[in-house]
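Inspection log for the structure reproduced underneath, given as structure tokens.
Only the coordinates and a few stated rules stand behind these numbers; no lab work does. Here the structure is a predicted model, which means the values were calculated and not measured. Here the Cβ positions follow ideal geometry from the backbone for every residue, glycine too, while neighbour counts run over all protein chains shown.
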Ligand SMILES: O=C(O)CCC(=O)C(=O)O
Ligand SMILES: [Fe+2]
């Protein structure tokens, strides 16, 4: 964990031209890249990707440094003026199964009962945050964690966010064992790809995406 954080910090400390060499110029799902990296990630991506990688068992893992700057407070025109002091829309859920987060400096906040709760950094510990797919698969028994990250003007912050996701071309349905006459299904089966396309065509709003999946 310490090594992974160090690698991240080392990466962001590189001159911009060196980082640029490793940038992944992804415009998938209409997300626009920004030439200043705000995120470094190692992720499983499709075979068409031309980034470098390693063969792990039978799976090719692409080391995928993406030059994205994501501010989830869409639509931008409506909310940019109130950020960061009154950032009501500056929040998101992850469209994956689960996310593990390690942060070196405070910043992560979770929404609970309409209040933002700060998560203090703990060295050698991960925050385990449930993501959207887990809420769907569990038929609403597990709740996704809506979250945001606040910044400070004093020191830089590095976080590792490791998302456990789903195959892009996979189909998803809720766990049958959780369905009963008293717990009828809340969500229908869907293709993950279709869901992601819908999500990013709708300003990445979790609430809208959940409504789309509801029966
Ligand atoms: O930096 C963090 O603590 C969280 C990052 C995050 O929410 C994400 O990558 O989805
Ligand atoms: Fe997130």
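Structure values in brief
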read-out	value
Exposure proxy ranking, count of Cβ atoms within 10 Å, fewest first, for 148, 157	157, 148
Potential extension, residue 100-residue 183 segment - 0.36 nm per residue separation minus Cα distance	27.0 nm
Ascending count of other beta-carbon atoms within 10 Å, so fewest first, for 172, 179	179, 172
Extension reserve of the residue 6-residue 142 stretch, reckoned as 0.36 nm per residue once the Cα distance is removed	45.7 nm
Shape category assigned to segment 92-187 from the gyration tensor of Cα positions, a/c cut at 1.5	prolate
Between segment 106-162 and segment 184-201, the alpha-carbon center distance in angstrom	22
Residues 92, 147 arranged by fewest to most Cβ contacts within 10 Å	92, 147
Whole-number Å³ per residue for the convex hull built on Cα positions in segment 138-194	129
